[in-house]
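Peer 1: Structure incoming, see below.
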Amino acid sequence: MASTASSRPLLKLREGVTSAKLSRYMIFANLWLGSFLAAADSTVVTTISTQLMSDFANASLLSWLGASYFIANAWAQPLCGQLTDVYSRRTGLMLSVMVFIAGNGMSGLASSSPMLVAGRFTAGIGGGSFIVITTMVANDLVSPRARGLYQGCTNLIYAMGHSSGGILSALITRDFSWRWSFFSLVGLSIVTASFLGFVMPKNVTDSGEENETLDKTVDYKGALFFSVATSLLLFGVNDVAFSIPSPWARFAIILVAACGTASIFIRHSIRTTSRPVLPIRLLRERSILAGCLINFCACCCFTVSEFFLPIIGQLQSKNPNNVIVSSVILIPLSAGAALGSMVTGVILLYYNYPRSISIWSFGMVFVSSIFQGVLVYPAISNFLGRPEIGMIISTLFCGIGFGSLMTSSLVAVVLSLDDQRDSARVTSLLFTFRSFGSALGLTLASLVCQAMLRLLIGGSSLMDEQTLHRVLESPLAIFDLPLVARQLVLDAYLKSIAILLFSCAGVSLLGILVAAALLPKLN
């Protein structure tokens, strides 16, 4: 149902600025600069993941780096709505930038795998918080109908950073060291913090009221339950994926503990009288439930593509140190996401078709994932001679579908709200589903990939147990193998990633069913 809330801006602009429009442009310019850096940070490890796994001799590092970053997003984003309602958007933005700087500093100085993972986790808290608060500020400043256009612009900037992060990281790693990929973000983030401190209003909340009139009860207990449940689940899956033999009994215990904690969290969120950290009760609204599930499914597919497609490029390259090759595939993925988001924002500004757009967008992801899986499969890939053009086109359309889904689902959810003052908490809910979808998707994909590799090359007579373990720990180790063994391992990697892409097609098909069944036909 359409919103009945007033369309007046909810965020008070800085006093003393003669032009409110100029002030708004200055705010968005700085927010988009920060979004660019946060997006670049989210892909900074995708193109150098094989280098990191080789340097630290740790095959599980890929999963932990990605999962720790996304689970940190999921930890922080639910609290952003409540905390910035009470202590202002400006305070939240400044704090998130400081945490972002600290996390990248830790990553650059990391001397061990745990320290690097801790740094990525810290950076994920800061970067994820900044992204979601940026969306809240857009919700505060513009009317519900225009939010699709502003979200499209935000996603365009985000996609530019998303595609640039992997490429710049690859260039810096080639000429200097992977550590400088993180240090460079520290310096630029300091500049962003300086500008934000100048242009952002100091004493605003999403309702424009004074802080003392707000309900200041922040649901720390709910945040704790949610954090424990998600951490247990992801730790258990990673433990099974990278332990030999797989500790299924231990995983069962961890899974029971995770489900129990999740049950406590859901019960707490539904029965609490104050504002819960995640407004689970709002999931009774079909549009909100659909938007959350759409974001979850879309981010599962997108994260698998952005982490595993670069590995294909580097493994197929004749030069194992050429990380530039692995970053090229991210360009059509991110460019497509920017294009899809921007075009969808313009369409929704004039035509209210979020349901139809979501269905067609998931259909695009479905077809693209099938096409990618077919092209990656060794028999097809060897026959066509590494079909780069086909991969670029299919990856571009996959990105277009993803970008369109992010904008259409957000607009569908915002337009379904009776009270626009709930937009901050609902935005946190949406971003939490995004982050959890990314974290769980990457973790499960790593589990499937490792299982397939053990199945395909575990019984081979071409390598001993020590060599097999080294290949599983570091993908770049295949370049040290004899030609026949190298081709065997390369084919195993390609088959494993092809299966992941076919799985993404299945997830996107589930997204089509969700959009068709739950999203209403808005007028």
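The values are calculated or read from the model by the stated rules, or taken from the named source; none is laboratory data. Quick caveat: nothing in here was measured; it's all calculated off a predicted structure. When we count neighbours, we look across all protein chains shown, and the Cβ atoms used for this are built from the backbone with ideal geometry, even at glycine.
Peer 1: Any idea which of A123, A57, A40, A74 is of a type in the set (G, A, S), crowded, with 24+ Cβ neighbours inside 10 Å and at pLDDT below 80? Before the answer, list the steps.
Peer 2: Values: A123 fails: at pLDDT below 80; A57 fails: crowded, with 24+ Cβ neighbours inside 10 Å; A40 fails: at pLDDT below 80.
Matching residue, one of A123, A57, A40, A74: A74.
Peer 1: Looking at the stretch 362-376, which of the residues that are among the small types (G, A, S) and in contact (Cβ under 8 Å) with a residue 60 or more places away in the chain is surrounded by the fewest Cβ atoms within 10 Å (Cβ to Cβ)? I'd like the intermediate steps shown before the answer.
Peer 2: Narrowing the stretch 362-376 to residues among the small types (G, A, S): 363, 368-369, 373.
Applying the additional criterion that residues be in contact (Cβ under 8 Å) with a residue 60 or more places away in the chain yields 363, 369, 373.
Working: G363: 16, S369: 27, G373: 20.
The selected residue is G363.
Peer 1: I would also like to ask the following. Would you tally the residues in the stretch 262-297 being free of Cβ contacts under 8 Å to residues at least 60 places away in the same chain and of a type in the set (D, E)?
Peer 2: Of the residues in the stretch 262-297, 0 are free of Cβ contacts under 8 Å to residues at least 60 places away in the same chain and of a type in the set (D, E).
Peer 1: Kindly evaluate V228 against the criterion of being modelled with pLDDT of 65 or more and either surrounded by 15 or more Cβ atoms within 10 Å (Cβ to Cβ) or not hydroxyl-bearing (S, T, Y) (or both). Quick ask: steps written out before the conclusion?
Peer 2: On the way: modelled with pLDDT of 65 or more: yes; either surrounded by 15 or more Cβ atoms within 10 Å (Cβ to Cβ) or not hydroxyl-bearing (S, T, Y) (or both): yes.
For V228, the condition - modelled with pLDDT of 65 or more and either surrounded by 15 or more Cβ atoms within 10 Å (Cβ to Cβ) or not hydroxyl-bearing (S, T, Y) (or both) - is met.
Peer 1: Can you name every residue in the stretch 149-173 that is surrounded by fewer than 24 Cβ atoms within 10 Å (Cβ to Cβ) and at pLDDT below 75?
Peer 2: Result: L149, Y150.
A quick yes/no check of all residues on (1) in contact with a helix residue (DSSP H, G or I) (Cβ under 7 Å, 6 or more places away or on another chain); (2) of a type in the set (D, E, K, R):
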{"residue": "L472", "(1), (2)": "yes, no"}
{"residue": "A477", "(1), (2)": "yes, no"}
{"residue": "D480", "(1), (2)": "no, yes"}
{"residue": "I497", "(1), (2)": "yes, no"}
{"residue": "G506", "(1), (2)": "no, no"}
{"residue": "L509", "(1), (2)": "yes, no"}
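Peer 1: Just to be sure, is L22 in contact with a Leu (Cβ under 9 Å, 6 or more places away or on another chain) and either assigned to a helix (DSSP H, G or I) or modelled with pLDDT under 80 (or both)?
Peer 2: Details: in contact with a Leu (Cβ under 9 Å, 6 or more places away or on another chain): no; either assigned to a helix (DSSP H, G or I) or modelled with pLDDT under 80 (or both): yes.
So L22 fails the test.
Peer 1: Go through the stretch 158-189 and give me each residue that's more than 24 Å from F28 (Cα to Cα), more than 20 Å from the chain's Cα centre (by Cα) and hydroxyl-bearing (S, T, Y).
Peer 2: Residues satisfying the conditions are T173, S177.
Peer 1: Of all residues in the stretch 231-273 being among the aromatic types (F, W, Y) and either closer than 18 Å to L442 by Cβ or within 25 Å of the chain's Cα centre (by Cα) (or both), which is modelled with the highest pLDDT? Full working, then the answer.
Peer 2: Step one: filter the stretch 231-273 for residues among the aromatic types (F, W, Y), giving 235, 242, 248, 251, 265.
Pick out the ones that are also either closer than 18 Å to L442 by Cβ or within 25 Å of the chain's Cα centre (by Cα) (or both) and you get 235, 242, 251, 265.
Values: F235: 73, F242: 56, F251: 74, F265: 85.
Step by step, filter the stretch 231-273, then rank; the result is F265.
Peer 1: Failed condition for G313, given (1) closer than 30 Å to L494 by Cβ; (2) at pLDDT 80 or above, with all others met?
Peer 2: Status for G313: all satisfied but (2).
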